[in-house]
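Shown next, in C-alpha cells, is the structure this report addresses.
The values are calculated or read from the model by the stated rules, or taken from the named source; none is laboratory data. Everything quoted here is computed from the prediction, not taken from an experiment. A quick note on method: Cβ atoms are made from the backbone with ideal geometry, for glycine too, and the neighbour counts reach across all protein chains shown. Please note that ligands, DNA and RNA were not included when accessible areas were found on the heavy atoms of the full protein model with its side chains. Shrake-Rupley method; radii C 1.70, N 1.55, O 1.52, S 1.80 Å.
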Amino acid sequence: MKVIAKSWGLPILLLFAASADVRTVLADDVRTNIASRGAFEAKAQYCGYCHGPSGQGYRGYYTMPRLAGQQSEYFVNQLRAFTDGRRGNTFEMKMARVHAVSQAMRLALATRFGKLNPRPFGGAPTEHVALGKKIYEEGVPEANVPACAACHAPDAKGAGTNPRLAGQLYGYTVRGLINWSKDRGQDHAHPDTSAVMLPVANSMSKQQITAVAAYLSTLK
Ligand code: HEC
Ligand code: HEC
C-alpha cells in the first residue's frame, strides 16, 4: 500500500468511500484452493482500489484498466507477465510488485473479476465512433490491419488468451496500443502472446487507434 499511498492519494480516498459496496460485490464465490477466504477478500479489495470496486476501471490522473468481464486466461497471463518483467516495466508504479500473487490467487481473482459486469465507464470522444466500428469489423486492408473482430470476437468479449475489449476505458486502450512495442513482450528470449498484437498495433495510425478505442469504450 505504500506504493500507492504516494501518488494515488485521491483515487484511493474516493474509492474508500465506496468500500461498503466493495464488500458486497466481493462477498460471493471463493475458490477453495486459496489459503483463506479473508486473504482472498483482502486481496480482491486491494485490486479494487486501483481498478474500481466492481472492476470498472478508473479514469483519473492515470487511467486504470477495466477488469470486469475479462477472459480468465488472458487475465492470468497478464499477471504473470507483470511478475516475470515481460510487461509494465516502463511505468513509474511498480507493476511487478502490485500484481505479485500466487497462481491459485491469480485464478481466483480472474474468476471473481470475470463475473462482474458494471456499465462501461464512458467519457470517450464520440466523433469517430463510426470509423472505429468499421475498423473493428473490417480492419484497414490498405494498411495491413486485420479485422479486430476475427480474434476479439464480433461482440468484443474476447476468448481465451484474446482479451475482452468491450467497455475498456478509452485512455487505457489508446495508451496500450501506442506503447505496445515498449511495454509488452519485453523478455525477447521468451516471446509471449503479446507478439500476435505487435504488427496490428504498429500498423495503426494515431487516428485509427483513437477511433477504435472510442468505439470499444461504448460496448457493453
Ligand atoms: C497501484 C494500482 C494497482 C493495483 C493495486 C493493482 N493494479 Fe492491476 N493494473 C494497474 C495498472 C496501472 C495497469 C495497467 C498497466 C498498463 O497500462 O499496461 C494494471 C493492469 C492490470 C491487468 C492487465 C489488464 C489488461 O487489460 O491487460 C490486470 C489483469 C490487473 N491489473 C489485475 C490486477 C489485480 C488482480 C490486482 C490485485 C492483485 C491489481 N491489478 C492491482 C494498477 C494496479
Ligand atoms: C490475430 C489475432 C488478433 C487480431 C487480429 C487483433 N488482436 Fe488484439 N490482441 C490479440 C491478443 C492475442 C492479445 C493479447 C496480447 C497479450 O497477451 O499481451 C490482444 C490484445 C489487444 C489489446 C490489449 C487489451 C488489454 O486489455 O490490454 C488491445 C487494445 C487490442 N488487442 C486491440 C486490437 C485491435 C484494435 C485490433 C484490430 C485493429 C486487434 N486487437 C486485432 C489478438 C489479436
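Under the rule of at least 5 residues apart or a separate chain, name every residue whose amide H is placed under 5 Å from the amide H of V140.
V145
Rounded to the nearest percent, how much of the accessible area of region 64-220 (1.4 Å probe, protein heavy atoms only) is carbon and sulfur? Write out the running numbers ahead of the final one.
Numbers: 4200 of 7530 Å².
Answer for region 64-220: carbon and sulfur cover 56 percent of the accessible area.
Could you tell me which residue out of L109, V98, V76 lies farthest along the dipole of region 71-126 toward its positive end? Charges go on the beta carbon: Lys and Arg +1, Asp and Glu -1, centred on the Cα centre.
L109
Between S36 and A149, what's the calculated FRET efficiency when r is the beta-carbon distance and R0 is 41 Å? Round to 0.05.
After rounding, the FRET efficiency stands at 0.45.
So what is the relative contact order for region 62-133, in percent, with contacts set as C-alpha pairs under 8 Å and at least six apart?
Relative contact order here is 42 percent.
Name the long-range amide H neighbours of Y58: under 5 Å, sequence gap of 5 or more, or other chain; modelled H, no Pro or chain starts.
Hits under the 5 Å cutoff: M64.
Once amide H atoms are built 1.01 Å from N in the peptide plane, which residues 5 or more positions from R87, or in another chain, come under 5 Å H to H?
F82, Q186
Starting from the Cα gyration tensor of region 164-220, take the square roots of the eigenvalues, sort them a ≥ b ≥ c, and report rounded, prolate or oblate (rounded when a/c is under 1.5, otherwise prolate if a/b is larger than b/c, else oblate).
Since a/c reaches 1.5 and a/b is larger than b/c, the shape of region 164-220 is classed as prolate.
Show me the chymotrypsin sites (Phe, Trp or Tyr not before Pro) within region 45-112 that DSSP assigns to loop and that have at most 12 other Cβ atoms within 10 Å of their Cβ.
When the chymotrypsin sites (Phe, Trp or Tyr not before Pro) of region 45-112 are filtered for loop state and at most 12 Cβ neighbours within 10 Å, Y61 remain.
Could you run the Karplus curve 6.51 cos²θ - 1.76 cosθ + 1.60 with θ = phi - 60° over region 156-173 and give me ³J(HN,Hα) per residue in whole Hz, x for Gly and Pro?
Using θ = phi - 60°, the values come out as 6, 8, x, 6, x, 7, 8, x, 5, 10, 4, x, 5, 5, 3, x, 5, 5 Hz.
So what's Rg/Rh here for region 82-217, counting alpha carbon atoms and using the Kirkwood radius for Rh?
Using only Cα positions, Rg/Rh for region 82-217 is 0.97.
Net charge near N202: determine it from the other residues with C-beta under 14 Å of the C-beta of N202, scoring Lys and Arg +1 and Asp and Glu -1.
+2
Counting only heavy atoms of the protein chains, get the accessible area per residue of region 129-217 (1.4 Å probe) and round it to a whole Å² value. Write down the numbers at each step before the final one.
Values: 4150 Å² over 89 residues.
Result: 47 Å² per residue.
If you find the alpha carbon centre of region 200-220 and of region 129-151, how far apart are they in angstrom?
With region 200-220 and region 129-151 each reduced to a Cα centre, they are spaced 9 Å.
Give me the distance in nm between label points sitting 7 Å out from Cα along the Cα-to-Cβ direction at K134 and T218, one decimal.
For K134 paired with T218, the spin-label model returns 1.4 nm.
Give me D for region 66-117 in µm² s⁻¹, whole number, from Stokes-Einstein with Rh from the Kirkwood sum over alpha-carbon pairs, 10 °C and 1.306 mPa s.
This corresponds to a translational diffusion coefficient of 142 µm²/s.
Once you've got the Cα coordinates, tell me which of K134/K182; K94/K206; K115/K182; K134/K157 are over 29 Å apart. Before the final figure, lay out the partial values.
Working: K134/K182 27 Å; K94/K206 27 Å; K115/K182 31 Å; K134/K157 17 Å.
Over 29 Å apart, Cα to Cα: K115/K182.
Using a simple spin-label model with points 7 Å from Cα along the Cα→Cβ vector, what separation in nm is obtained for K94 and S205?
4.3 nm
Per residue, how big is the convex hull of region 51-139 when only Cα atoms are used? Give it in Å³. Don't skip to the answer; put the middle values down first.
Details: hull volume 12.2 nm³, N = 89.
For region 51-139, the hull spanned by Cα atoms encloses 137 Å³ per residue.
Just want to confirm a number: the relative contact order over region 129-217, from Cα pairs under 8 angstrom separated by 6+ residues, in percent.
40 percent
In whole Hz and in residue order, list the ³J(HN,Hα) couplings for region 184-192 that follow from phi through the Karplus curve 6.51 cos²θ - 1.76 cosθ + 1.60, θ = phi - 60°; x for Gly and Pro.
Values, residue by residue: 10, x, 7, 9, 5, 6, 10, x, 10 Hz.
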